[in-house]
Amino acid sequence: MEIIRPEVFTPEQSDVAEGQLINSFIEQCTSPIPDPDRWLDEEIRRNILLTSLDTAIAWARQRSIFPLMFGLACCAFEMIGMATSRFDASRFGMDIFRWSPRQADLMIVAGTLTWKMAPAVRMVYDQMPEPKWVIAMGACAISGGTFRESYSVVPGINRIIPVDVYVPGCPPRPEALIYGVTKLHAKMIKGTIDNPNLSLK
């Protein structure tokens with residue numbers, strides 16, 4: 001069996017070998033080190049969205065509407081129908097209809113408003129926190145409808161409270177009310193923090 005003996009260097013050869021090793025280290029140090037965190041920049045670019053504060057708040061408001069049911073006549077059945085699983089109002093952020101004005105920011109007035117009921121509508125509207133919106137649903141809520149000539153009917157709820165979106169019909173179907181909600185979303189996105197109730201253009 002042959003024994004391999006380690007090569008023995010003279011002191012000069014050892015100095016040369018050590019110098020070569022040191023020079024290889026120096027060459028490695030002068031070349032740029034690849035950044036191990038480069039993937040982090042790409043991940044940030046994929047997951048960060050730059051926008052204005054107004055746009056972010058308007059986006060959040062669009063998807064967290066708390067409607068107040070104010071059904072006064074037959075249009076209320078169609079409004080209730082919109083909240084069922086067939087039409088799925090939850091996809092618009094309208095999960096639960098509120099029964100307290102202090103928890104609502106959207107009043108849907110559906111039906112014929114009489115002069116005797118007008119103070120109650122105004123009081124409920126005043127109790128809603130800002131920002132708040134109103135949808136007039138149906139011909140009776142918009143203009144009094146077929147009863148507009150009656151001594152007891154208000155010819156449009158806009159004479160009592162400001163209205164943001166009108167949904168015409170007698171009665172309008174749930175799809176029409178959903179379209180009205182999308183119009184309200186368009187109005188919300190145009191609002192600002194200081195003035196969330198900008199009019200539709």
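The values are calculated or read from the model by the stated rules, or taken from the named source; none is laboratory data. This structure is a prediction, so every number in the text was calculated from the model and none was measured. Because the Cβ atoms are built from the backbone with ideal geometry, glycine has one as well, and the counts that use them run over all protein chains shown.
Per-structure values
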| quantity | calculated |
| --- | --- |
| All positions within the stretch 95-120 that are under 21 Å from the mean Cα position of the chain (by Cα), under 24 Å from Gly156 (Cα atoms) and either in a loop (DSSP other than H, G, I, E, B) or of a type in the set (S, T, N, Q) (or both) | Phe97, Ala104, Asp105 |
| Qualifying residue in the stretch 39-48 (condition: surrounded by fewer than 10 Cβ atoms within 10 Å (Cβ to Cβ), more than 30 Å from Ile189 (Cβ to Cβ), modelled with pLDDT under 70 and under 46 Å from the mean Cα position of the chain (by Cα)) | yes |
| Qualifying residue in the stretch 24-34 (condition: in a helix (DSSP H, G or I) and modelled with pLDDT of 80 or more) | yes |
| The stretch 120-151, residues that are farther than 18 Å from Cys170 by Cα, surrounded by 13 or more Cβ atoms within 10 Å (Cβ to Cβ) and of a type in the set (Phe, Trp, Tyr) | Tyr125, Trp133 |
| Subset of the stretch 82-104 (residues that are closer than 18 Å to Val167 by Cα and in contact with a Lys or Arg (Cβ under 8 Å, 6 or more places away or on another chain)) | Phe92 |
| Pair list, Cβ < 6 Å and 6+ apart or interchain, from the stretch 49-65 residues that are touching a residue at least 60 places away in the same chain (Cβ under 8 Å) to residues that are buried (at least 16 other Cβ atoms within 10 Å of the Cβ) | Ala58/Met188; Ala58/Gly191; Arg61/Met188; Gln62/His185; Gln62/Met188; Ile65/Gly93; Ile65/Met94; Ile65/Leu106 |
| Test result for Tyr179, under 20 Å from Thr84 (Cα atoms) and surrounded by fewer than 19 Cβ atoms within 10 Å (Cβ to Cβ) | yes |
| The stretch 138-150, residues that are free of Cβ contacts under 8 Å to residues at least 24 places away in the same chain and outside any helix (DSSP H, G or I) | Arg148, Glu149, Ser150 |
| Count of residues meeting criterion [buried (at least 17 other Cβ atoms within 10 Å of the Cβ), in a helix (DSSP H, G or I) and of a type in the set (Gly, Ala, Ser)] in the stretch 78-94 | 1 |
| When residues of the stretch 116-154 are limited to those that are at pLDDT below 90 and of a type in the set (Phe, Trp, Tyr), the one farthest from Glu78 (Cα to Cα) | Tyr151 |
| Meets criteria (crowded, with 17+ Cβ neighbours inside 10 Å, over 26 Å from the mean Cα position of the chain (by Cα) and either assigned to a loop (DSSP other than H, G, I, E, B) or at positive phi (or both)) for Pro155 | no |
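This table checks each residue for (1) touching a residue at least 60 places away in the same chain (Cβ under 8 Å); (2) touching a Gly at 6+ places or on another chain (Cβ under 6 Å).
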{"residue": "Leu113", "(1), (2)": "no, no"}
{"residue": "Pro129", "(1), (2)": "no, no"}
{"residue": "Trp133", "(1), (2)": "yes, no"}
{"residue": "Val154", "(1), (2)": "no, no"}
{"residue": "Pro168", "(1), (2)": "no, no"}
{"residue": "Pro171", "(1), (2)": "yes, yes"}
{"residue": "Pro174", "(1), (2)": "yes, yes"}
